[in-house]
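The values are calculated or read from the model by the stated rules, or taken from the named source; none is laboratory data. Note that the structure is a prediction, hence the values are computed from the model and not measured. A quick note on method: Cβ atoms are made from the backbone with ideal geometry, for glycine too, and the neighbour counts reach across all protein chains shown.
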Amino acid sequence: MHALKDLFTSDVGLMSAAGIAFMLGMAVFYIRFFLRHMREDEARQRASKP
């Protein structure tokens, strides 16, 4: 419980929480970005086949 209190009340803890949130947000963005482009490339490849 003390660790959670330190995480959300100290400067270092808040910066750590912000860094973790930022990295998780980046991970979600990149996963969605890559999956979307993979689907688009696959659809483009299927459309170009005779």
Residues satisfying the stated conditions in the chain, i.e. surrounded by 10 or more Cβ atoms within 10 Å (Cβ to Cβ) and basic (Lys, Arg): 5, 32, 36, 39
Count of residues meeting criterion [among the aromatic types (Phe, Trp, Tyr) and at pLDDT 95 or above] in the stretch 1-25: 1
Report, ordered by the first and then the second residue, all pairs with beta carbons closer than 6 Å, sequence separation of six or more or different chains, a first member in the stretch 1-24 that is among the acidic types (Asp, Glu), and a second member that is in a helix (DSSP H, G or I). 6/13
